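The structure under discussion appears below in the form of structure tokens.
The values are calculated or read from the model by the stated rules, or taken from the named source; none is laboratory data. Computed from a predicted model, the values in this text were never measured in an experiment. Methodologically, a virtual Cβ is constructed for each residue, glycine included, from the backbone with ideal geometry; neighbour enumeration extends over all protein chains shown.
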Amino acid sequence: MADIGSDIERPLGQAVRPPRAARRISAGVVAATLVVVAVIGVSGAIALRERPFRKPEEVAVSTPKAIEAVDPAAPVTEPAPNAEAASEASISKTGGSKTGPQIIHMQTEAGDGPPRAAIVIHDPSTIGQNLRVAHIPDRALVESGDTGPLPVRAADGRRPFDVYARPWSGARGARVAIIIGGLAVSQTGTQAAIAKLPAEVTLGFAPQGNSIGRWMQAARQSGHEIVMQVPLEPFDYPNVNPGRNTLTVVATPDENLENLRWALSRTTNYTGVMNYMGARFSADAAAMGPLMAELGRRGLAYVDDGSSARSLAPELALKNGVPFAAGDISIDAVRDRGAILKKLDELEATARAKGFAVGIGSAFDLTVDTVASWMIEAKKRGIEVVPISAVAVDPEKG
């Protein structure tokens, strides 16, 4: 009976094989089976992992922490003399900047799980900065100064004005640019302005403020374009005093440039500077000329707050190839909600009449709340709020 059972189980058309050969086949089958089981086990383990193949660009969207990859061949950055500059990303001196693609390692904290790593490859040959890494200085646009990192044109000609500009639609409709200045003076006020104001609003930082590097990163991560305010001499100075390291008409050009560079070194990733006061200084060609020449050399814009009709900034900006914008309306000269709304309506009317308008305000709680609510309704009326770079006249682009 045993032989009959063996014959029944044997596949048709196959002869009886010697016992030794049968044992070899059994061993091979066992080995093959083990391999298959191992492959299935590994595949199952991969399949059961939580989101095993997340795309790097999806991971990098929520990235509060980022570290730029260090090139071993790049020169070592000299430590900045102040704590604010020391907190910035590593920066090399001009001439040693990298102009090729940079690999930026992103450390994410999204979700409840452990931090996950991602990589964003940034090609600086393209104009404009990826908003997901907008808080990381482009090393090609920074040089080391005596008081900290300074903005500079890249070796390939790119300017901070181009790279750090916030994108906008490019449409020809009525455009309004709003700059809210005075950030970093009040910590709570700065935090509220960054949190409440829509990303289209440009933020101005006061160089005398604190923790500017940290607030710059928060503002850029929230999508804001930023400018650096520079204290310039007003009439009746020093009774009216803009603050530390004010540029004055009696100082030498070198002294003013030293004070300008101090202000510029307070943080990075901004498109230009805006005057803080300065009615007397901006009306003096001998004082204002070197400032504009320095901005043109560094690839920065100049924003005139529009408070002085005697300002020589428009002519000097054109002469030195500096992108230029001027404020049309001070929106919160009177700190009353109704008065601010009236100024914002005037700003909208100006934009409809000439295509664009620029409003200047300060980071008061009332101003921030009023601007944020007005923007919601203005967008419904077809007004596009744009960054200040979108309305600047750029001599290099004709």
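Here are the numbers:
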{"quantity": "Hits in region 374-398 - residues which are small (Gly, Ala, Ser), farther than 14 Å from Val303 by Cα and part of a loop (DSSP other than H, G, I, E, B)", "calculated": "Gly382, Gly398"}
{"quantity": "Members of region 223-246 that are in contact with a strand residue (DSSP E or B) (Cβ under 9 Å, 6 or more places away or on another chain) and of a type in the set (Gly, Ala, Ser)", "calculated": "Gly243"}
{"quantity": "Pairs, first on the phi < 0 side of the Ramachandran plot and in the same structural domain as Ala378 (by TED's automatic domain parsing) in region 349-360, second assigned to a helix (DSSP H, G or I) and of a type outside the set (S, T, N, Q), C-beta under 6 Å, six or more apart", "calculated": "Ala357/Leu347; Ala357/Ala351; Gly359/Leu347"}
{"quantity": "Residue count for region 219-256, restricted to those that are farther than 21 Å from Val185 by Cα and under 27 Å from the mean Cα position of the chain (by Cα)", "calculated": "0"}
{"quantity": "Checklist (1) free of Cβ contacts under 8 Å to residues at least 40 places away in the same chain; (2) more than 23 Å from Arg298 (Cα to Cα) applied to Val185, failing item", "calculated": "(1)"}
{"quantity": "Criterion (over 29 Å from Trp262 (Cβ atoms), acidic (Asp, Glu) and within 27 Å of the chain's Cα centre (by Cα)) met by exactly one of Glu384, Glu346", "calculated": "Glu384"}
{"quantity": "Where Arg214 falls short, out of the listed (1) within 14 Å of the chain's Cα centre (by Cα); (2) on the phi > 0 side of the Ramachandran plot; (3) surrounded by fewer than 24 Cβ atoms within 10 Å (Cβ to Cβ)", "calculated": "(2)"}
{"quantity": "Output for region 151-191, where each listed residue is hydroxyl-bearing (Ser, Thr, Tyr) and either crowded, with 22+ Cβ neighbours inside 10 Å or assigned to a loop (DSSP other than H, G, I, E, B) (or both)", "calculated": "Tyr164, Ser169, Ser186, Thr190"}
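Every residue, every condition in (1) buried (at least 19 other Cβ atoms within 10 Å of the Cβ); (2) within 27 Å of Ile136 (Cα to Cα); (3) of a type in the set (Phe, Trp, Tyr); (4) modelled with pLDDT under 95, yes or no:
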site: Asp236; (1), (2), (3), (4): no, no, no, no
site: Val240; (1), (2), (3), (4): no, no, no, no
site: Thr246; (1), (2), (3), (4): yes, no, no, no
site: Ala251; (1), (2), (3), (4): no, no, no, no
site: Asp254; (1), (2), (3), (4): no, no, no, no
site: Arg266; (1), (2), (3), (4): yes, yes, no, no
site: Tyr270; (1), (2), (3), (4): yes, yes, yes, no
site: Met274; (1), (2), (3), (4): yes, yes, no, no
